[in-house]
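Take a look at the structure set out below.
The values are calculated or read from the model by the stated rules, or taken from the named source; none is laboratory data. As the structure is a prediction and not an experimental result, all values here were calculated from the model. Don't worry about glycine lacking a Cβ; one is built from the backbone with ideal geometry, like all the others, and counts go over all protein chains shown. Surface areas here come from the heavy atoms of the whole protein model, side chains and all, with no ligands, DNA or RNA. Shrake-Rupley method; radii C 1.70, N 1.55, O 1.52, S 1.80 Å.
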Amino acid sequence: KDDPRFPPISPTELGHLDMEVWLLWGMKPVAQRGEARIGAVQIGRHGLQIQRGGARGLLLPAVAVEHNLDAEGFLRQVCLKARLAPDAWKEDDTILQTFEGYAIHGDLASGVESPMPSDSPGGPGPEDVARLIEFSTMNLAALMTGATPNYFLPGVFDGTINGLFLTVATPDEGQSIQTSRLSIKPGVPLQSTLFSLLQAAAGHLRARRIHPGQLPAGAVGLTVLWDPAMHGSTESADLTGLDTRRRAVVVMSQSGWVWMFDPDLSAEELLEQAKARLHSTGKTPGPVLSLAVATNQPRAWSTNVPPPEAPRPPAVAGLFYPGDPAEMEREVDKLLAAPGKPEAWPGAMVPHAGWKYSGRLAANVLRRVKIPRRVLLFSPKHNPAGADWAVAPQQRWRLPGRDVPADPELAKALADSVDGFELDAAAHRPEHAIEVELPLLARLAPEASVVGIAMHGGEWSELEASARQLAAFLKTLPELPLLLISTDMNHFADEATTRRLDRMALDAIHVLDPERLLRTVRENKISMCGVVPAVLVMETLRQLGQLTHCEEVGYSTSAEASGDQSRVVGYAGMLFG
């Protein structure tokens, strides 16, 4: 009930749980050092415990068997469990121990004589929901007209819940206002959460100049969700015992969440519909849960994942570049004022800081390129939202005063063709590294469509394999898109250190060796944010036979614009052919 990683076990789960108890003994330090430690681990017999400094991790003997790990793989995984580097087991100051164990297991229900509960305690009843809807209707009118609302309704359930969904029907059919909150762990208090949703709904109604008297009868709909139960993952969900008349299905991913309630559908049908509404290729399994439901609606669903057809709105206009359309266009005029003769380069690398720092260098690179009708723009992912390798699924990129076309069909084909690529709008919503290049691309090639790929993490073996798949896919296209890398170089060291570290990375680029680039950056702790997309693009061009030379268009640091040499960022512009 108190594991910080999971919601408490629901009473409705008890009849479906398996229990496993491990007896452990024979904790024995591994005397061998370095690579020789591999030979001390017997798969199927040994569990592992590792400790280094304050970090510690333990894996049971069954883990290696269940995941088909060899001894070295088992050692790597116990390091990761302890949040250590994967090869920390080799170090002399790492304490490694083996132990043995025996498991006793069985289903929980067979050991319990009393009937298992089928209802979900701890939530509001139908009368609570009816009173809350009446209360919400009055509060909504007060908030819309500037009157004083009531903040609390006595005598009605106000415990902790996990989700709340408020709908308000409007005079415009099919244009209801919807606001929601989902928090699996921790939960949220019902009434204060409801009040915040009412405030948001009232704001939307006022913006649309709708008066309370214009709302239809029974305009307010309310769905309360509580009592989370876990059902596995999208890859292997167990929906046994899930009653869709009483519970909603929830699917979560790195992109966000979707929940659905429809008593006319089976649990399996609800799961499939929820997965489809995530707008993801589903390559990364996400958790599947269910929640108890109290509602006045025949069916309901909500998500925090933007639909793929919605334009991606600007996130950093007014910060990294001008937010006023006319001012933005004037600044583009200045950046592209220098003459340039475009040539056919298959790949390029540009910086993505604010325009006052690196806009001139990015423009100098792009005006040298004859831009084809499609651009694949690879960038780092600077935020935790969404998939690690996220392909933007939307149809358009919105900028101040104009839109830049995307290519959702090409985006889907990329996600289907390359391991690790996933359609994911959430990762792109706050990302600046693609957006800052779009006004320049739009001026130079207004008809070109741009597919963005934001990337975080990846080892050489993964990048090499994905580059091979990407190259094979690109060979099927009638025209090779421009492969554009958006990256800054080292971050926040002093001027001299930044230039020294950046030169090490640029030397690896100049010899056209993507593996050396990745190794150089990581071994020397160079904070080149876009090294992963750079390595992927360079290896893809190499696989295509398009990486025979490169040209450094320019290099600068933020000190040239700010004058501060104590804490700078490096910028480089490259052309590949």
>> GLY530 - would you say it is surrounded by 17 or more Cβ atoms within 10 Å (Cβ to Cβ), in contact (Cβ under 8 Å) with a residue 60 or more places away in the chain and within 24 Å of ALA465 (Cβ to Cβ)?
In response: yes
> Would you pick out the residues in segment 84-107 that are of a type in the set (A, V, I, L, M, F, W, C) and either touching an Asp or Glu at 6+ places or on another chain (Cβ under 7 Å) or open to solvent by 80 Å² or more (accessible area, probe 1.4 Å) (or both)?
Replying inline: ILE95, ALA103, ILE104
> Where in segment 1-83 are the strands (runs of 3 or more DSSP E), entirely inside, with at least 3 residues that are over 30 Å from SER110 (Cα atoms), hydrophobic (A, V, I, L, M, F, W, C) and open to solvent by 70 Å² or more (accessible area, probe 1.4 Å)?
Replying inline: none
> If you scan segment 315-330, which residues turn out to be surrounded by fewer than 19 Cβ atoms within 10 Å (Cβ to Cβ) and either under 23 Å from ALA433 (Cβ atoms) or touching a helix residue (DSSP H, G or I) at 6+ places or on another chain (Cβ under 6 Å) (or both)?
Replying inline: ALA315, VAL316, GLY318, LEU319, PRO322, GLY323, ASP324, PRO325, GLU327, GLU329
> Name the pairs whose Cβ atoms lie under 9 Å apart, with the first residue in segment 451-466 and free of Cβ contacts under 8 Å to residues at least 60 places away in the same chain, the second crowded, with 24+ Cβ neighbours inside 10 Å and part of a helix (DSSP H, G or I), and 6 or more positions between them or separate chains?
Replying inline: GLU459/LEU518
> Under the condition of being of a type in the set (A, V, I, L, M, F, W, C) and touching a helix residue (DSSP H, G or I) at 6+ places or on another chain (Cβ under 6 Å), which residue from segment 372-386 is farthest from MET538 (Cα to Cα)?
Replying inline: ALA385
>> Pairs please, first residue from segment 98-112 and at positive phi, second anywhere and surrounded by 15 or more Cβ atoms within 10 Å (Cβ to Cβ), Cβ atoms under 8 Å, 6+ apart in sequence or on different chains.
In response: none
>> Restricting to segment 420-447, and then to whatever is open to solvent by less than 10 Å² (accessible area, probe 1.4 Å) and assigned to a loop (DSSP other than H, G, I, E, B), can you tell me which residue is farthest from ALA276 (Cα to Cα)?
In response: ALA433
>> I'd like the residue in segment 478-512 that is part of a loop (DSSP other than H, G, I, E, B) and open to solvent by 30 Å² or more (accessible area, probe 1.4 Å) and, out of all such residues, is nearest to VAL535 (Cα to Cα).
In response: LEU512
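Every residue, every condition in (1) on the phi < 0 side of the Ramachandran plot; (2) without any contact (Cβ under 8 Å) to a residue 24 or more places away in the chain; (3) surrounded by 19 or more Cβ atoms within 10 Å (Cβ to Cβ); (4) among the small types (Gly, Ala, Ser), yes or no:
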residue	(1), (2), (3), (4)
PHE152	yes, no, no, no
PHE157	yes, no, yes, no
THR170	yes, no, no, no
SER183	yes, yes, no, yes
ALA201	yes, no, yes, yes
ALA217	yes, yes, no, yes
VAL220	yes, no, yes, no
TRP226	yes, no, yes, no
